[in-house]
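The values are calculated or read from the model by the stated rules, or taken from the named source; none is laboratory data. A quick note: this is a predicted structure, and the numbers were derived from the prediction, not measured. A quick note on method: Cβ atoms are made from the backbone with ideal geometry, for glycine too, and the neighbour counts reach across all protein chains shown. The accessibility values were calculated without ligands, DNA or RNA, using every heavy atom of the protein model including side chains. Shrake-Rupley method; radii C 1.70, N 1.55, O 1.52, S 1.80 Å.
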Amino acid sequence: IAKDRGRAHYRFYQEQMNLAFPNDALMESHLRRAIEKEEFSIHYQPQVNLVTGEINSFEALLRWNNRKFGYVSPMNFIPLAEESGMIMQIGEWVLEEVCKQLKYWQEKGYRPVRIAVNISPKQFIQDNFARKINEKIQKYGISPSSLEVEITESAMTDMQDTFSTLKELKNIGVVISIDDFGTGYSSLSYLKKYPIDIIKIDQSFIKDMELDDKNTAIARTIIQLAHNLGMEVIAEGVEKDRQVEILKAANCQKAQGYLFSKPVSIEHINESYMQRTKP
Ligand code: C2E
Ligand code: MG
Ligand code: MG
Ligand code: MG
């Protein structure tokens with residue numbers, strides 16, 4: 001227990017430490033060397049089944065702890081990585097790490113769980129994205145359904161290319177989710193055209209939902225919409241019991257948020273969620 005507390009405390013300290021980079025150019029030059037300097041890690045946030053309490057999936061969230069400037073939020077460095085094109089390499093690194101992790105669990109004989117990976121629009125629209133995903137799955141010999149790709153509405157620019165990439169991913173057997181649903185500008189018609197498995201309700205609709213009837217109305221409508229289309233739904237950013245009550249009453253199956261757990265290290269995931277279920 002003492003060990004656990006130590007680690008939790010360390011992580012907290014780490015994430016608090018945020019000595020902002022004085023400018024983007026300097027951040028970019030450090031970001032360029034982040035992979036080789038092993039400054040990246042991945043934290044995992046559990047996704048909780050609101051009916052059964054089970055946890056069978058996690059979202060992978062990239063963490064960057066720079067030796068000089070400390071912890072940098074993905075909200076700051078992902079946009080820069082996208083602008084500079086570095087997101088291609090970084091995204092590749094994340095996919096490799098996640099597939100390695102899934103293979104490790106599979107080899108250990110742990111129960112099947114799924115990891116959801118955030119895919120940037122640039123990654124998604126590259127030629128052969130689906131083929132690259134398939135190569136990774138083959139390389140590590142993992143079950144395709146243990147991998148989920150989270151894409152945003154902004155990735156769906158060209159209708160024909162988006163459709164064929166999603167269809168290929170679907171054929172491979174990868175799970176497809178729409179992240180930050182409700183914040184993009186696309187029309188709803190893509191929901192009927194594309195083979196989407198899961199809708200993730202953006203946290204802006206969950207935040208203050210217990211005080212804001214409009215947010216509740218929107219969340220309820222998204223849940224209904226997903227169910228009517230035969231899709232699953234996950235609520236993001238759940239922080240309060242009252243939000244869980246509202247979501248359960250609206251038949252929302254799954255949620256993730258600080259109420260259940262912050263994104264945590266792989267060691268923590270192994271100790272808290274995997275060890276106990278070893279056969
Ligand atoms: P996202 O994919 O929508 O991820 C959810 C964000 O909400 C995460 O922030 C998570 O830590 C945070 N979160 C989870 N539960 C709660 C809660 O209850 N309350 C609040 N206030 N926040 C909560 P994070 O880790 O800072 O990531 C921010 C964004 O950066 C992500 O948003 C995603 O768009 C992007 N990102 C993170 N990792 C990657 C990655 O590997 N690749 C790409 N392309 N983008 C990533
Ligand atoms: Mg996400
Ligand atoms: Mg996102
Ligand atoms: Mg999101």
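Being away from ligand 3 (no atom under 16 Å from the Cβ) and under 14 Å from the mean Cα position of the chain (by Cα) holds for only one residue in LEU166, LEU147, LEU188, and it is LEU147. Looking at the range 182-203, can you tell me whether even one residue there is within 29 Å of ASP241 (Cβ to Cβ), assigned to a helix (DSSP H, G or I) and open to solvent by 30 Å² or more (accessible area, probe 1.4 Å)? Yes, some residue in the range 182-203 is within 29 Å of ASP241 (Cβ to Cβ), assigned to a helix (DSSP H, G or I) and open to solvent by 30 Å² or more (accessible area, probe 1.4 Å).
Residue pairs whose Cβ atoms lie under 6 Å apart, separated by 6 or more positions or on different chains, with the first residue in the range 252-272 and open to solvent by 10 Å² or more (accessible area, probe 1.4 Å) and within 14 Å of ligand 1 (Cβ to nearest atom) and the second aliphatic (A, V, I, L, M) and part of a loop (DSSP other than H, G, I, E, B), are LEU259/VAL238.
Filtering the range 139-163 to residues that are touching a residue at least 24 places away in the same chain (Cβ under 8 Å), part of a helix (DSSP H, G or I) and not aromatic (Phe, Trp, Tyr) leaves LYS139, PRO144, SER145, SER146, GLU153, SER154, ALA155, MET159, ASP161, THR162.
If you check ILE206, ILE178, ILE172 for being more than 30 Å from ILE137 (Cα to Cα) and either under 22 Å from the mean Cα position of the chain (by Cα) or surrounded by fewer than 14 Cβ atoms within 10 Å (Cβ to Cβ) (or both), only one passes: ILE206. Does ALA60 qualify as being more than 20 Å from the chain's Cα centre (by Cα), buried (at least 17 other Cβ atoms within 10 Å of the Cβ) and outside any helix (DSSP H, G or I)? It is false that ALA60 is more than 20 Å from the chain's Cα centre (by Cα), buried (at least 17 other Cβ atoms within 10 Å of the Cβ) and outside any helix (DSSP H, G or I).
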